[in-house]
Amino acid sequence: MSYDHILTHTDGRVGIAQINRPKALNALNADVMMELMTALEAFNADEAIGCLIITGNERAFAAGADIKAMAEATPVSMLNSPMIDQWDRLQKITKPVIAAVSGYALGGGCELAMACDMIIASESAQFGQPEINLGVMPGAGGTQRMTRAVGKALAMEIVLNGRFLSAHEAQHYGLVNRVVPVELYLDEAIKLGQQIAERAPVAVRLAKEAINAVFETNLQSGLSLERRLFYMLFATVDQKEGMDAFINKRPPDWKGE
Ligand code: CAA
């Protein structure tokens, strides 16, 4: 499938979707978001792919929702726009999704990165929710995911006062997994993606589901879900394979079944 606003390619078992509006610092409009989600869903459905990456370019992961496209919007046009609903499609992706972030990850761009499962950042990455400077506030998860990631006090500063987090600050506060030199951020994300993509696929999928349940439920329900998913894995071929491989001191050969 060909796209107008994104580029896609694969590297082994990793599917990579790159936002490609460099002149607008990868600002996210409805077309970009729909193409991005369509590409991710295609990778998600492809058995040859085990892990997904969303990236931008060195200067910008994405500098936010497209302000020019929103400037004349009304509440009803925003309600009817398919734009922000696209973030919900990301939540339905069952394979791990890594954001490989360099440069600006602002507003909707920061919200997109935070909606991924992991973030690899370049040293130049900057995370922020500067919507307050436009007379609005985050609308695609910024108040919720930023607060869960960095805590209430800092989230207030980021959202209410437009404070940016450097890559190292973002790592310090637990928003990103690791920070690497600019020239390595995509390679590092692909390396992590390859490692995860080589693991037992059903176990990876259910483990992702269990971790994400932390944000949706209380501890007792989360523990109960975890236990049911754990027991369920004993019905898989890969559980027998993984334990037999350990006992017989050989590498496992995962079947994804
Ligand atoms: N929407 C539309 N266009 C954007 C954009 C955005 N979010 N961010 C940058 N651009 C465009 C600029 O308009 C400019 O285009 P022109 O050359 O045609 O003028 C081009 O990208 C380059 O940008 P700058 O010249 O501004 O580059 P800079 O290096 O001086 O500044 C920046 C970079 C600090 C990121 C600055 O562009 C900026 O502040 N951008 C806006 C960031 C922002 O407010 N994001 C939140 C958007 S609202 C949102 O996301 C809502 C939500 O929660 C869903």
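The values are calculated or read from the model by the stated rules, or taken from the named source; none is laboratory data. Since the structure is predicted, the reported quantities are computational estimates derived from the model, not experimental observations. Using ideal geometry, Cβ is built from the backbone for each residue, glycine included, and neighbour counts are taken over all protein chains shown. Remember, those area values only see protein heavy atoms, side chains included, never the ligands or the DNA or RNA. Shrake-Rupley method; radii C 1.70, N 1.55, O 1.52, S 1.80 Å.
Using a probe radius of 1.4 angstrom, the carbon and sulfur fraction of the accessible surface of the chain is 56%.
Taking a straight line from the alpha carbon of residue 23, these lysines sit under 17 Å away, with near neighbours fewer than eight places off in the same chain left out: 68.
Can you work out the FRET efficiency for the pair residue 234 and residue 9, with r the C-beta to C-beta distance and R0 = 35 Å, to the nearest 0.05? Efficiency, from the Cβ-Cβ distance: 0.45. Per-residue ellipticity at 222 nm, computed for the chain from helices alone with -39500 (n - 2.57) per DSSP H run of at least four residues, works out to -13000 deg cm²/dmol.
Once both labels are positioned 7 Å from their Cα atoms along Cα-to-Cβ, the gap between residue 85 and residue 166 label points is 4.2 nm. Annotation: lysines with alpha-carbon distance below 19 angstrom to residue 208 (same-chain offsets under eight excluded): 92, 95, 191, 255. The listed residues 43, 246, 61, 230, once ranked by accessible area (1.4 Å probe) with the largest placed first, stand as 246, 230, 43, 61. In the frame of its principal axes, the stretch 2-161 has Cα extents of 44, 33, 29 Å, reported largest first. In degrees from 0 to 90, rounded to the nearest 10, what is the angle of the helix 219-232 Cα long axis to the longest principal axis of the chain? The angle comes out at about 40 degrees. Each principal axis of the Cα cloud of the stretch 101-257 was taken in turn, and the coordinate range along them, longest first, works out to 59, 40, 21 Å.
Sorting the segments 166-178, 77-89 by their mean number of nearby beta carbons within 10 angstrom, highest to lowest, gives 166-178, 77-89.
Extent of the stretch 168-253 along its three principal axes (Cα atoms, max minus min coordinate, largest first): 42, 38, 16 Å. A 1.4 Å probe run over the protein chains yields, for the chain, 53 Å² of accessible area per residue, whole-number rounding. Compared with the dominant Cα axis of the chain, that is its longest principal axis, helix 30-45 is turned about 0°.
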